[in-house]
Each structure stands twice: as structure tokens, then as C-alpha cells.
Amino acid sequence: MTMITINGLNVWYGDGRDHVDAVKNASFEVAAGESFGLVGESGSGKSTILRAITGLAPNWSGTISIEGKQLSHGKRDREFYRRVQMVFQDPYASLHPRHTVDQVLSETLDLNGITGIDQRVSRLLDGVGLDGKFRFRYPHQLSGGQRQRVAIARALAGEANIILLDEPTSALDVSVQAEILNLLTDLREEHNLTYLMVSHDLPVIGHMCDRLAVMKDGEIVETLTVDSLRAMRAQHEYSRSLLKASIV
Amino acid sequence: MMLLDVKDLWVKFPTRQGLFEAVRGVSFSLGKERLGIVGESGSGKSMTGRAILRLIRPPGIVEADHITLEGRNLLDVTEKDMREVRGEKISMVMQDPKFSLNPVMRIGDQIMEAYLVHNSVSKSEARAKSVEMLEAVSIRDPERVMRAYPHEMSGGMGQRIMIAMMLIPNPQILIADEPTSALDVTVQRQVLDIMDKLVKERGMGLIFISHDLNLVAEFCDRVLIMYAGRIVETCDANKLHDAKHPYTQGLLNSLPRFDQPRRHLDVLKRDPSWAEVPSVKGHT
């Protein structure tokens with residue numbers, strides 16, 4: 001079953017003189033339980049695709065379907081956000097600075113109409129490898145890796161099965177990156193999650209994903225499996241140059 | 001030839017929990033070479049770079065036996081003379097061009113200012129020199145860039161402009177603090193090539209601060225590996241992958257490798273004793 005279907009997607013920002021086509025005619029599918037990567041340099045439109053799916057970029061055309069259901073151009077409903085959640089790049093900016101970890105998670109659980117919040121919060125923290133003592137801390141009392149764990153716990157709170165990951169480890173040290181990537185690998189198996197992951201770091205995508213799309217200037221230049229990329233079977237010039245720059 | 005010699009450098013910050021020691025007794029020297037300093041965030045690598053330029057303000061405390069540049073101890077230099085050292089002798093390129101360029105000043109004016117402060121020449125001469133410098137960092141349309149404001153530039157362009165600005169007074173030492181971390185891999189390469197070329201042509205010393213081990217291994221001549229404010233290991237950059245210290249090995253193993261897929265990445269296991277061992281001397 002396909003979880004995410006993107007067909008002929010165009011996304012643009014601004015109008016008139018400032019009109020920018022951020023994504024041009026992008027199409028791909030992500031199967032259930034699959035991990036799909038989007039790579040490209042900054043400004044290539046990879047994050048914009050995630051923003052269009054979650055409704056953060058309202059100007060789009062084409063079709064986006066989640067579990068076979070086409071999304072409308074209006075506001076996403078509760079049901080959508082229960083299924084689809086996003087983890088952002090900068091853990092320093094994506095958590096409310098004046099809410100404790102407990103507040104962040106309880107609010108999410110409450111919004112999803114989940115009962116037994118107290119137990120669920122501790123179970124969520126446990127699931128992302130955070131000790132109970134972090135529950136009543138504020139974001140500034142946590143390290144970058146710990147914050148990203150909280151953001152992942154928040155994404156999992158509503159029992160979402162599709163997680164959009166927007167450069168989840170770019171702001172972290174390599175040693176912390178390894179911990180977060182391992183956590184994401186384990187969670188995917190445990191909860192049978194579908195990942196759509198954006199990164200400029202090809203080795204990270206290679207580690208996490210089964211298939212990937214290479215983007216350049218708003219267009220998908222190539223969609224291929226990680227194995228064939230690894231075997232140097234990339235067709236497009238740009239994918240090859242990216243591969244060359246990533247292997248040391 | 002030795003350009004810079006640092007002996008027993010400490011950087012401390014008073015906090016409510018007592019004195020926090022960000023750099024703890026670091027010694028190293030710099031010749032006409034590319035010296036990499038690597039470590040995680042909080043290892044004290046940036047503070048080392050800033051301390052050399054005396055950019056750490058009170059209540060921060062900088063102590064050292066000496067930081068010697070051309071036989072002069074920078075710790076004894078007056079603040080007024082220090083202004084001449086900054087830029088003219090030692091320049092610094094910071095991580096994010098967005099925060100290091102003045103947002104309300106045209107790029108041309110900023111570069112010209114950097115030149116005029118250190119040289120008494122006419123404005124038109126400074127302008128010609130600035131355009132020339134922008135060309136040296138491979139900016140295609142320097143006249144347009146001179147007129148532009150920083151927000152009109154991409155990250156890679158901004159960083160090249162910063163490098164142009166830092167190199168225009170012709171310093172002997174360039175300290176680059178994560179100069180390419182905010183850039184894409186493909187742009188990263190261009191910026192590094194430009195820096196490499198300029199360093200070689202001018203015979204400068206470069207201190208390259210980065211958390212990216214592979215980048216440093218490829219780009220530098222010599223590497224200092226910092227952990228908890230101390231140098232735990234020093235080696236030739238091309239031998240970084242044979243590093244002995246478990247911390248360095250741990251960092252290298254925690255990187256995903258495209259050619260060697262595995263299910264789980266190795267997680268760095270920290271040994272408290274690493275922080276206790278005295279700093280290794282980073283002299284050639």
C-alpha cells in the first residue's frame with residue numbers, strides 16, 4: 001500500500017515580481033513502512049515538499065494523497081495530524097521555550113483526545129530514551145540531542161504512522177547524530193512507521209532510507225534506490241556529482 | 001617558521017555553579033600550515049580561536065603563559081594596539097555569514113571599510129582593491145555584489161564575501177571557525193578551494209576549526225583533537241583515520257558511511273578519564 005503519493009506537485013511562494021517556483025512538477029510514492037529520502041542542496045525545494053504536505057506552504061497545485069486520500073487545499077483536519085507528524089531541523093527553535101517537556105507532550109496528547117496522559121507521557125519519554133528526570137525540564141535545560149528526542153516523542157504522541165523528518169540531525173554533533181539516527185531506526189521497526197526524510201547529507205540518507213529522490217532547482221532529477229546509487233548506477237549527472245562530493 | 005605560539009591557555013567563565021573552564025591548559029604552535037582543530041560542541045575549540053584574538057569579554061577570563069605573535073605576547077598588548085592586530089595580523093571568519101555581515105550596509109562599503117581601516121589610501125583605490133578581492137574569491141559579478149546588501153546573497157556567496165573581507169588587509173594568520181558548516185556540500189568544496197588557494201599563495205597560517213572530521217582530514221596538514229577543553233590527541237591530518245585515542249575513533253565510527261551500510265551506528269561511549277588526562281602539546 002502506498003502511504004504518500006505526490007503527483008505533479010508545484011509549490012510557489014510570493015506573487016508578481018517576487019514569484020518563486022520552489023517545487024516544479026514533483027512526483028513520487030512512498031510505500032507503507034518505507035523510508036524515503038529527499039536530497040539536494042539548500043534551495044532545491046526538498047523541505048518545501050514537506051511543508052506542502054503538512055499545509056505550511058499553502059500555494060500548491062497537483063495532487064498529494066495520504067493513504068489513498070487526496071488532500072484538499074484547505075486546512076488539514078485533526079485526523080490528518082493524527083496520522084502525519086513532522087520533526088524539524090532545529091531543536092532549539094521547534095520547542096516552546098516556556099513550556100516544560102511535560103507540557104509539550106501533555107498538550108499534544110490532549111489535542112489528540114488521548115486519555116491517561118500521565119502514564120502516556122512517561123511511556124513516550126521512555127520510548128525515546130529520555131530519563132524521567134527530564135520530564136519537568138524546560139528546553140534550555142536540555143542539550144540539542146535531548147531536545148530532538150523530545151521533538152520525536154511529540155511526533156509519536158498522537159500515534160502517527162507517517163513521520164516527516166526535515167534534516168533531523170543537521171544541527172547536532174556527529175556522536176549525537178548517531179544516537180538519534182539509531183533511535184529513528186528502532187522506532188520505525190517498533191511502530192512500523194513510514195519516513196519521508198529530507199537531508200543534504202547523502203551518507204545520512206544512505207544510512208536511513210531505502211529509496212531516494214535527488215532534487216535540483218525545484219525539480220526531482222532522479223528517483224532511485226539507495227543500493228543502485230551505492231553501486232554507482234545513478235543516471236543523472238547531478239546525482240553523480242553529489243555522490244562524488246559525499247564519499248571521502 | 002613559527003607564526004604563533006600558545007602556551008597553557010585557559011578560558012574560564014564564572015557561573016552560579018562556580019567557575020566553568022571552557023579551555024583547560026592548551027598549548028600549540030602554528031607555522032605556515034593548515035592546522036585543524038576538531039571536537040564536539042562544547043569542547044572549547046571556538047573559545048581557543050576567540051581567545052587568541054582576545055575576543056572574550058569579561059566576565060570571561062583568559063589566562064595563558066603566553067600567546068606569542070612575532071615575539072610579542074598578545075596578552076600584554078593594549079586594547080588599542082590589539083585593534084591593529086585584529087584584521088591586519090590575524091583575521092577570523094565566523095560560521096554564519098548572516099550574522100557576521102552588517103545587514104544595513106552595502107557589501108562594497110563593508111569590504112572597503114576593512115581595507116581603509118588598515119591602509120591610508122583613496123576611496124577609489126580601496127574600491128578597486130575590493131573588486132579585485134571579490135574576483136579572487138570567484139564572485140562572478142563583483143560590481144553588482146559591491147552594490148548589494150547581505151540579504152540578497154546566498155550562504156555560499158556570503159561566506160566568500162566574508163573571506164574576501166578578512167583577506168583584504170593581508171593578514172599572516174586566518175582563523176576560520178566552522179567556515180563551511182552552514183553551506184551545502186557542493187558549495188563547501190568551492191569555498192575550501194578558494195581558501196586553500198589563498199593560503200598557499202600568500203604563505204599564511206590557517207587555523208581551521210570544525211566538527212567535521214572528514215573535512216579536516218582532507219583539507220588540513222595537522223589536526224588537534226579537543227575534548228572537554230583539552231587537546232587529547234594531535235596527528236597529521238592524513239593519518240587521522242589511524243588515530244589512537246578512543247574519543248577520536250569513537251567520533252569517526254559514529255559517522256554513517258555511504259559505502260559501508262550497517263543497521264546501527266556506533267555510539268560514542270565517553271570515559272570520564274579522558275577529561276582528566278593532561279592536555280597533549282600541539283607543537284610541530
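Overview of results
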item: Relative contact order of segment A:1-100, defined on C-alpha pairs under 8 angstrom at six or more residues apart (%); result: 31
item: Interface area, A with B, accessible, probe 1.4 Å, both sides summed, Å² nearest 100; result: 2400
item: Equivalent ellipsoid, segment B:164-256 (semi-axes from 5 times Cα gyration tensor eigenvalues, Å); result: 25, 15, 12
item: Per DSSP, loop trypsin sites (Lys or Arg not before Pro) in segment A:181-248 with at most 14 further Cβ within 10 Å; result: A:233
item: Dipole of segment A:161-248 [Lys/Arg +1, Asp/Glu -1 at C-beta], most positive-end residue of A:192, A:203, A:162; result: A:203
item: Taking only Cα atoms of segment B:18-89, radius of gyration then Dmax in Å; result: 12.9, 39
item: Kirkwood hydrodynamic radius (C-alpha pairs) into Stokes-Einstein, segment A:177-220, 10 °C and 1.306 mPa s, D in µm²/s; result: 137
item: Options A:73, A:97, A:86, ranked by Cα towards positive dipole end of segment A:1-143, top entry (Cβ charges); result: A:97
item: Largest to smallest principal axis extent of the C-alpha atoms in chain B, angstrom; result: 59, 49, 41
item: Projected-area average for the protein assembly as shown over all orientations - Cα convex hull basis, square nanometres; result: 26.4
item: Peptides ranked, highest mean first, by Cβ atoms within 10 Å: ranges B:83-93, B:158-168; result: B:158-168, B:83-93
item: Hydrodynamic radius by Kirkwood, which averages 1/r over all alpha carbon pairs of segment B:94-170, in angstrom; result: 12.1
item: Unit Cα scatterers, Debye sum, segment B:76-125: log10 I(q)/I(0) for q = 0.27 Å⁻¹; result: -1.11
item: Chain A pair-distance distribution - Cα-Cα, 5 Å bins, rounded %; result: 1, 6, 14, 17, 19, 17, 13, 8, 4, 1, 0
item: Of all accessible heavy-atom area on the protein assembly as shown, the percent that carbon and sulfur account for (1.4 Å); result: 48
item: Globularity index of segment A:175-248, i.e. its alpha-carbon radius of gyration over 2.2 N^0.38 Å; result: 1.17
item: Listed residue (B:149, B:192, B:78) projecting farthest to the positive dipole end of chain B, Cβ model; result: B:149
item: Evaluated over segment B:202-284, the Cα radius of gyration and Dmax, each in Å; result: 13.9, 46
item: Cα-centre dipole for chain A with unit charges at Cβ (Lys and Arg positive, Asp and Glu negative), debye to 20; result: 260
item: Cut-off 13 Å between beta-carbons: net charge of the residues surrounding residue B:128, Lys and Arg +1, Asp and Glu -1; result: -1
item: Relative contact order computed over segment A:2-246 (Cα-Cα under 8 Å; 6+ residues apart), in percent; result: 27
item: Average accessible area per residue (Å²) across the protein assembly as shown - probe 1.4 Å, nucleic acids and ligands excluded; result: 46
item: Whole-angstrom Cα spans of segment B:41-167 along principal axes, big to small; result: 47, 36, 24
item: Rough spin-label spacing in nm, given labels placed 7 Å along Cα→Cβ, for residue A:244 and residue A:77; result: 5.1
item: Column: log10 I(q)/I(0), Debye, Cα scatterers of segment B:5-51, q = 0.28, 0.33 Å⁻¹; result: -1.15, -1.30
item: Listing of segment A:217-247 residues, each with accessible area lower by at least 30 Å² in the full protein assembly than in the chain alone (probe 1.4 Å); result: A:230, A:245, A:247
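The values are calculated or read from the model by the stated rules, or taken from the named source; none is laboratory data. Keep in mind that this is a model prediction, so the values were computed, not measured. Note that we place each Cβ from the backbone using ideal geometry, even for glycine, and neighbour counts take in every protein chain shown. Note: areas computed on protein heavy atoms with side chains; ligands, DNA, RNA excluded. Shrake-Rupley method; radii C 1.70, N 1.55, O 1.52, S 1.80 Å.
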